[in-house]
Amino acid sequence: MLLSKGAGGREYAARFIIARCAANQQNFDEAVTQYRQVLNLKPDFFEARFDLAGVLDRQGEHDEAIQEYEEALKLQPQNKDAQYNLGALLMQQKQYDRARPHLEVAVSADSTNAMAVKALGFACLQGEKKDLKSAKRYLSRYLQLQPDAPDAKDIQAMIAEIKEPTP
């Protein structure tokens, strides 16, 4: 209805609303189509790129989601949610060293984001460029933030097993 009445120079905004509604109704194919049309009209629309990345991730299109988060971060490099989402997605793809700088920005922006802190701890532990001291520090911080976490005992055991290199 919005489009049929003529959105004029605001067609991108009308399509953005349609895309968000489709995404909320889990009609992901329609959401992707609408977000892409929004971005054709307004390529620098951060929220559309961010939302599109999330929908693509939910569809299992992880490589495309990563690309969209990267494009979104070109528009808003300090956006903690985009940094965290990209870092978490890269962690799922076992790209630990690539995930780490994004998680570092997310944790720097919000040191109380327990999931970002935990993910950063794992990135430090699992990456090719291991940083055991940082891994231990971040995993310990995660437990401070989430003392009753379901995985608390596993994380405590992991921390106890981390042997930092002696200088």
Consider Pro150 against the criteria (1) out of contact with any His (no Cβ under 7 Å at 6 or more places or on another chain); (2) assigned to a helix (DSSP H, G or I); (3) not charged (D, E, K, R): it satisfies all of them except one. Which criterion is unmet? (2)
Would you be able to say whether some residue in segment 93-104 is touching a helix residue (DSSP H, G or I) at 6+ places or on another chain (Cβ under 7 Å), exposed (fewer than 15 other Cβ atoms within 10 Å of the Cβ), modelled with pLDDT of 95 or more and not assigned by TED's automatic domain parsing to the domain that holds Arg36? yes
Quick one: which of Leu120, Leu125 is touching a Phe, Trp or Tyr at 6+ places or on another chain (Cβ under 7 Å), outside the structural domain of Asn24 (by TED's automatic domain parsing) and crowded, with 18+ Cβ neighbours inside 10 Å? Leu120
Restricting to segment 1-36, count the residues that are farther than 10 Å from Leu52 by Cα, among the polar types (S, T, N, Q) and modelled with pLDDT of 95 or more. 4
Could you check segment 117-147 and list, in sequence order, the residues that are outside any helix (DSSP H, G or I), over 24 Å from Gln95 (Cα atoms) and free of Cβ contacts under 8 Å to residues at least 24 places away in the same chain? Pro147
Residue under evaluation Ala48, criteria (1) part of a helix (DSSP H, G or I); (2) more than 22 Å from Arg15 (Cα to Cα), criterion not met: (2)
Could you check Met115 against (1) over 18 Å from Asp97 (Cβ atoms); (2) more than 19 Å from the chain's Cα centre (by Cα) and say which number it fails? (2)
Taking Asp63 as the residue in question, decide whether it is loosely packed, with under 15 Cβ neighbours inside 10 Å and either modelled with pLDDT of 95 or more or in a loop (DSSP other than H, G, I, E, B) (or both). yes
Please determine whether any residue of segment 62-79 is among the hydroxyl-bearing types (Ser, Thr, Tyr) and over 20 Å from the mean Cα position of the chain (by Cα). no
Restricting the search to segment 128-150, which residues are surrounded by 13 or more Cβ atoms within 10 Å (Cβ to Cβ) and of a type outside the set (Lys, Arg)? Asp131, Leu132, Ser134, Ala135, Tyr138, Leu139, Ser140, Tyr142, Leu143, Leu145, Gln146, Ala149
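Every residue, every condition in (1) assigned to a loop (DSSP other than H, G, I, E, B); (2) hydrophobic (A, V, I, L, M, F, W, C); (3) in contact with a strand residue (DSSP E or B) (Cβ under 8 Å, 6 or more places away or on another chain); (4) without any contact (Cβ under 8 Å) to a residue 60 or more places away in the chain, yes or no:
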| residue | (1), (2), (3), (4) |
| --- | --- |
| Ala88 | no, yes, no, yes |
| Ser111 | yes, no, no, yes |
| Met115 | no, yes, no, yes |
| Asp154 | no, no, no, yes |
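The values are calculated or read from the model by the stated rules, or taken from the named source; none is laboratory data. Predicted model only: the values in this text are computed from it and were never measured. Cβ: placed from backbone, ideal geometry, glycine included. Neighbour counts: every protein chain shown.
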